[in-house]
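Worksheet: one structure, shown below.
The values are calculated or read from the model by the stated rules, or taken from the named source; none is laboratory data. What you see is a predicted model; the values in this text were computed from it and never measured. Note that we place each Cβ from the backbone using ideal geometry, even for glycine, and neighbour counts take in every protein chain shown. These accessible areas exclude ligands, DNA and RNA; they are computed on the full protein's heavy atoms, side chains included. Shrake-Rupley method; radii C 1.70, N 1.55, O 1.52, S 1.80 Å.
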Amino acid sequence: MEDVTSALKDLKLDQVPVYLLKTKSFPNDAYEEYFDQLDNGKYKPVFVPVLEHILRDDTLRTIRRATERYAFAGGSEATARQKACNNPAKKYGGLVFTSQRAVDAFATMVAKLDPSKTHWLFDSQMPIYVVGPATANGVRALGLSCPVVGEQAGNGEALAKFILEWHATLSKEVTHLDGQKLPLLFLVGEQRRDIIPATLQSEELAPQDRIPIVEVVVYETGEMATFEEDFTTLLRQAKAAKVKEQWVVVFSPQGCEAMLNGLGWLDEKTGKFSSERRSVTSGPLRTNIATIGPTTRDSLLTEFAFQPDVSAATPTPEGLGAAMQGLAQT
């Protein structure tokens, strides 16, 4: 991809490239904004997409039809003569997002709704649960009237606990229909952990405290065919520019092998990390590896016997920056 491999052309003297192994979020990416401002422009954020995402159009059409039939709508407003009634067509008591890609998929569906009716199609009291500020910002950009909550949760486990606490504070007009608890709709990719459904429906909870949840796969994920080539090209350009230090930030287990292979750090016989190869191939250029959260860190350890230099305590730009600066101070 031309825009990826040309990203270092305007690199300033002594600037540190930060290769973010992810697709850039639009309209704004919190990681780009953060690193552009950190330490007076010391870092140069460069996006290197690892994964390509294919939307499940049939599934999204089904969700759109359900939305247009008031699956997320609230009840009618109260009048002076008549008490407000529940919407008999309502199917869900909330939405759950743990990935930007799921938000992007949902956004394509929302864009096809009649803008003049969107306000009526989503209950203004129905919560949309999210992990992290990037996902929260993506949902808020949709312009729905629903409250967006949970962004302070750093991972799925923390969000599940938050959902249990938040759900208990909501009115039954939001969470129930005809005496039955409405499920949450969890939009996911085909590769995901089951920590949220397992926690919300744990047998350790009292039956009345469990929250039904419906998982729907709205996108599929695969490694981009051009990733390793793009990444290797950037590394060559950095060496040619006599870069002294660079960071590689890994967001998911996918692409880890291509990343380590591109760096030349894998032993050809064992397929595992070789500290000797790291030393030989790096030369005077210091390359640091950071992961977003424990899942990717543990995958690198288990699959390749590689311990990343740092792992962000929280999956946010600030958590990543703190981990990176912590290493610099050691």
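Here are a few things to note about the model shown:
- Computed from Cα atoms, the angle from the helix 317-328 axis to the main principal axis of the chain rounds to 30 degrees.
- Gyration tensor (alpha-carbon) shape descriptor, the chain, a/c threshold 1.5: prolate
- Order by protection proxy (mean Cβ within 10 Å, highest first), peptides 268-280, 89-101, 217-229: 89-101, 217-229, 268-280
- Choice from P27, P315, P133 with maximal GNM fluctuation in the chain (Cα, 10 Å cutoff): P27
- Evaluated at q = 0.09, 0.22, 0.23 Å⁻¹, the base-10 log of the normalised Debye intensity for region 144-269, with identical point scatterers placed on the Cα atoms, takes the values -0.47, -1.35, -1.43.
- Net dipole in debye of the chain [+1 Lys, Arg Cβ; -1 Asp, Glu Cβ; about Cα centre; nearest 20]: 500
- Antiparallel %, DSSP beta bridges [both residues in region 54-222], to 5: 20
- Hydrodynamic radius by Kirkwood, which averages 1/r over all alpha carbon pairs of region 54-222, in angstrom: 16.3
- T232 exposes around 40 Å² of accessible area when a 1.4 Å probe is run over every protein chain in place.
- Solvent-accessible area assigned to carbon and sulfur over region 96-157 amounts to 51 percent, based on a 1.4 Å probe.
- Over the chain: helical MRE at 222 nm, DSSP H runs n ≥ 4 each giving -39500 (n - 2.57), nearest 500: -10500 deg cm²/dmol
- Max mean-square fluctuation residue, GNM over the chain, Cα-Cα springs under 10 Å, options A153, A141, A30: A141
- For D123, the residues 5 or more places off, or on other chains, whose built amide H falls under 5 Å of its own are A73, G74.
- Share, in percent, of DSSP beta bridges within the chain that are antiparallel, nearest 5: 20
- Choice from L235, L144, L11 showing the highest fluctuation, given a GNM over the chain with Cα pairs closer than 10 Å: L11
- With protein chains left intact and a 1.4 Å probe, residues in the chain average 52 Å² of accessible area per residue.
- Selected from P88, N40, Q237, residue furthest toward positive end of dipole (the chain; charges at beta carbon): P88
- Computed from backbone phi, the HN-Hα couplings of region 239-254 come to 5, 5, 7, 6, 5, 8, 8, 8, 10, 10, 10, 9, 9, 7, x, 5 Hz, rounded to whole numbers (Karplus: 6.51 cos²θ - 1.76 cosθ + 1.60, θ = phi - 60°; Gly and Pro given as x).
- Of all lysines in the structure, the ones whose alpha carbon falls short of 18 Å from that of K244, not counting any fewer than 8 places away in one chain, are K9, K12, K42, K44.
- Karplus 3J(HN,Hα) series, Hz, for region 199-215 with 6.51 cos²θ - 1.76 cosθ + 1.60 (x for Gly, Pro): 6, 5, 10, 4, 5, 6, 7, 5, x, 6, 9, 6, 10, x, 8, 10, 8
- Burial ranking of peptide ranges 13-22, 52-61 (average Cβ count within 10 Å, highest at the top): 13-22, 52-61
- Options V216, A168, T67, ranked by Cα towards positive dipole end of region 54-222, top entry (Cβ charges): T67
- Cα gyration tensor, region 222-330 - rounded (a/c under 1.5), prolate or oblate: rounded
- Per-residue ³J(HN,Hα) for region 310-316, Karplus 6.51 cos²θ - 1.76 cosθ + 1.60, θ = phi - 60°, Hz, x for Gly and Pro: 8, 9, 5, 5, 10, x, 9
- Straight-distance crosslink candidates among lysines, where the alpha carbon sits under 28 Å from K91 and sequence neighbours closer than 8 are dropped: K83, K112, K117, K161, K172, K181
- Among residues other than A158 with Cβ under 14 Å from its Cβ, the summed charge is -1 (Lys and Arg +1, Asp and Glu -1).
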